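Peer 1: This structure is in structure tokens; I'll ask about it shortly.
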Amino acid sequence: HSSSQIMGIPVPKITMQNTVDLIDQVITVKQAELFHVVTLNPEITMSCQHDTRLRAVIDEAGHLTADGAGIVMVSRLKGNPLPERVTGCDLLIHLLERGTQRNWSVYLLGADERTSEKAQEVISKKYPNVSVVGRQHGFFEQKDEPRIVAEIAALSPDILVVALGAPKAEFWIHKYKNTLNAKVAMGVGGSLDVIAG
Ligand code: UDP
């Protein structure tokens, strides 16, 4: 895919539909490495200008999507437009829809306990062929992380949904990329709160 440079970050010019197809392909044709999807919002883009650790995480991601209307607007002003916004929340919902056709498994990491429980309930009801194989609220301590990572790895979900806020989710996925045993992982901001209603 060709890309549009947004403050020095090459963002692929791809639609929601093609993003879902890309992730579908990654899940179907099992890759050796976890595929990290970053939904790029203005905050992350700005932080990347001075935060070299975050910039490295973004550079190593498998795919970037244009979250944030500002990102799409900048691409248009520069005459190299991104086709449309692909927000974390919309993308998650599209993936759950695709997942019902493919019987995908998901693990929900993040949000508070009530939200996490409710999100699992809603997903199970609305997307019956998607299995929520596990979940963990997002207010754990660092000492709990080995247990959480081991649990996710044992369940080997198709998609690891990380609702820890940005850029915490991005750093977390990057840190454990090689041990999570998930096919795809994606930071989704407050999407579980949206799904839980
Ligand atoms: N969150 C979490 N643990 C934390 C901080 C935040 O699980 O330590 C959750 C929070 O409950 C919410 C989600 O992360 O469900 C996104 O939070 P926020 O809207 O602040 O992040 P953003 O949308 O800016 O990425």
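Peer 1: For Val122 and Glu43, calculate 0.36 nm times their separation in residues minus their Cα-Cα distance, and state this gained length in nm to one decimal. Kindly include the intermediate steps, with their values, before the conclusion.
Peer 2: Working: separation 79, 0.36 × 79 = 28.44 nm, distance 2.93 nm.
Once the chain is fully extended between Val122 and Glu43, it gains 25.5 nm.
Peer 1: Moving to a separate point now. Whole-Hz Karplus ³J(HN,Hα) for the stretch 126-141, in order, using 6.51 cos²θ - 1.76 cosθ + 1.60 and θ = phi - 60°, x for Gly and Pro?
Peer 2: 7, 10, x, 8, 8, 9, 7, 7, x, 7, 8, 5, x, 10, 8, 9
Peer 1: Within the P(r) computed for the stretch 3-196, what percentage of the Cα pairs occupies the region above 21 Å?
Peer 2: On the way: 9017 of 18721 pairs.
Pairs farther apart than 21 Å: 48 percent.
Peer 1: Over the chain, how many pairs of lysines fall under 23 Å by alpha carbon, counting only those 8 or more apart in sequence or from different chains?
Peer 2: Eligible lysine pairs with Cα atoms under 23 Å apart amount to 14.
Peer 1: Still on this structure, please answer the following. Give, in nm to one decimal, the length gained when the segment between Lys78 and Ala153 is fully stretched (0.36 nm per residue of separation minus the Cα-Cα distance).
Peer 2: Numbers: separation 75, 0.36 × 75 = 27.00 nm, distance 4.23 nm.
Roughly 22.8 nm would be gained on extension.
Peer 1: I've got another one for you. Quick one: of the DSSP bridges fully inside the stretch 1-146, what percent are antiparallel, nearest 5?
Peer 2: Values: 4 of 13 bridges.
The antiparallel fraction comes to roughly 30 percent.
FYI, it's all coordinate maths here, none of it is from the lab. The model shown is predicted, which means the values in this text are computed figures rather than measured ones.
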